[in-house]
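A.B. asks: I am attaching a structure below and will ask some questions about it afterwards.
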Amino acid sequence: MDTDRPLKVLFERQGQSLLPFIGESDSRARVTAVQPVELPVPSRTADCVLRLEAEGLVWYRHVEFVSGPDPDMPRRCFEYASRLVLHCDAPVLTTVLYLLPGADRGAADAFRVTLGERVVNLWRFEIVRLWELDVSLALSSGEPGPLALVPLLGGGDEPANVRQAVRMLGAMPRAAAGDAISVLMDLAGQRYDRATFMNVLGKDRAMQSWLWQMGADEGRAEGQITGRVLAARQICADLARELHPRVAGRALPAIGACEDPEALRAWILQCPKLSDAEFLALVRGKPPARAGRSRASRPSRGARPSKRR
């Protein structure tokens with residue numbers, strides 16, 4: 001029985017009188033247009049969707065990460081979740097994860113559709129503020145994921161807690177903790193400036209962590225090599241300024257021109273071990289001049305035959 005077409009025609013012509021039959025009982029309402037509406041389907045990407053199973057049930061947890069105030073977040077979460085319900089054909093629970101204090105300014109825990117003062121539709125979601133979670137939860141878990149979040153948790157601004165998290169991750173196999181320590185260093189680097197960062201973690205630990213971060217992308221798509229090079233250049237340049245300020249101005253052009261991530265990695269490792277002159281010579285590809293070194297194998301300027309007449 002094909003009812004769509006005749007009913008569409010009927011409602012186009014008699015929409016006003018049919019209002020009581022579709023749940024619209026407001027006698028003041030006036031139908032001003034009736035037409036089919038083709039809904040656009042723009043591309044949307046939810047931040048994170050986890051598929052969960054327990055006791056024969058399957059559901060999804062949708063997570064949105066928020067680092068700054070976003071008054072449109074309730075509407076977007078509703079849009080994402082409703083699409084996910086249709087796409088996954090399963091229940092979807094949404095969590096808005098606020099990362100930094102102040103990011104939740106004006107935050108709501110529901111998407112509301114109102115008609116005047118009446119709420120006609122209400123869809124709720126959960127809110128988590130990371131700074132309200134105590135850092136001890138992450139440290140006691142011993143798991144890479146929670147440890148990576150330490151700089152954002154309550155008490156995560158204490159240097160001792162950051163150092164402990166880095167030590168715990170550093171003791172784990174790289175395959176298990178490489179991504180986590182990369183995230184931790186990135187989050188800690190946003191909380192501290194480079195000089196404080198070095199003091200908090202210690203020079204050797206900071207460099208080891210940066211090197212782990214550089215290596216975190218190994219084995220992934222070749223297109224990410226450019227990102228590794230850029231990150232390595234930045235780390236190497238920062239170390240040059242910090243440890244060799246007298247020659248940093250001459251070393252930085254060579255560092256900025258280097259396209260080889262392994263060469264940059266080697267420079268970073270050698271940076272704290274070399275003198276200013278040795279580090280400059282290393283990045284510029286020239287052997288360092290050392291006091292007392294024999295130059296017998298190289299003719300002196302005066303011993304070279306002159307090309308001028």
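Laboratory data are not the source of any read-out in this text; all were calculated from the coordinates shown. What you are looking at is a predicted structure, and each value in this text was computed from that prediction instead of being measured. Using ideal geometry, Cβ is built from the backbone for each residue, glycine included, and neighbour counts are taken over all protein chains shown.
A.B. asks: With labels modelled as points extended 7 Å from the Cα through the Cβ direction, what inter-label distance (nm, one decimal) is found for residue 25 paired with residue 118?
C.D. replies: Here the answer is 0.9 nm between the modelled labels.
A.B. asks: I would also like to ask the following. Please turn the phi angles of the range 255-268 into ³J(HN,Hα) values with the Karplus equation 6.51 cos²θ - 1.76 cosθ + 1.60 (θ = phi - 60°), one per residue in order, whole Hz, x for glycine and proline.
C.D. replies: Per-residue couplings from phi come out as 5, x, 8, 6, 10, 9, x, 5, 5, 5, 4, 5, 5, 5 Hz.
A.B. asks: Would you kindly derive the ³J(HN,Hα) couplings of the range 109-117 from the backbone phi angles with the Karplus curve 6.51 cos²θ - 1.76 cosθ + 1.60 (θ = phi - 60°), listing them in order in whole Hz, with x for Gly and Pro?
C.D. replies: Going residue by residue, I get 9, 7, 9, 10, 10, 10, 10, x, 9 Hz, with x marking Gly and Pro.
A.B. asks: Would you mind ranking 80, 98 so that the residue whose beta carbon has the fewest other beta carbons within 10 Å leads the list?
C.D. replies: The order, fewest Cβ neighbours first, is 80, 98.
A.B. asks: Which order do the peptides 18-29, 162-173 come out in when sorted by mean C-beta neighbours inside 10 angstrom, highest first? Before the final figure, lay out each step's value.
C.D. replies: On the way: 18-29: 9.6, 162-173: 17.3.
Listed from highest to lowest mean packing, they are 162-173, 18-29.
A.B. asks: If we count every other residue with Cβ under 14 angstrom of residue 24's Cβ, Lys/Arg +1 and Asp/Glu -1, where does the sum land?
C.D. replies: Taking every Cβ under 14 Å from that of residue 24, the sum is +2.
A.B. asks: Karplus couplings for the range 62-68 from phi (6.51 cos²θ - 1.76 cosθ + 1.60, θ = phi - 60°), rounded to Hz, Gly and Pro as x?
C.D. replies: In residue order, the calculated couplings are 9, 10, 10, 9, 10, 10, x Hz.
A.B. asks: Let me ask you something else. For the range 115-168, which GluC sites (Glu not before Pro) pass both filters: DSSP loop (anything but H, G, I, E, B) and at most 13 other C-beta atoms within 10 Å?
C.D. replies: Values: sites: 117, 126, 132; in loops: 117.
Listed in order of number, the matching sites are 117.
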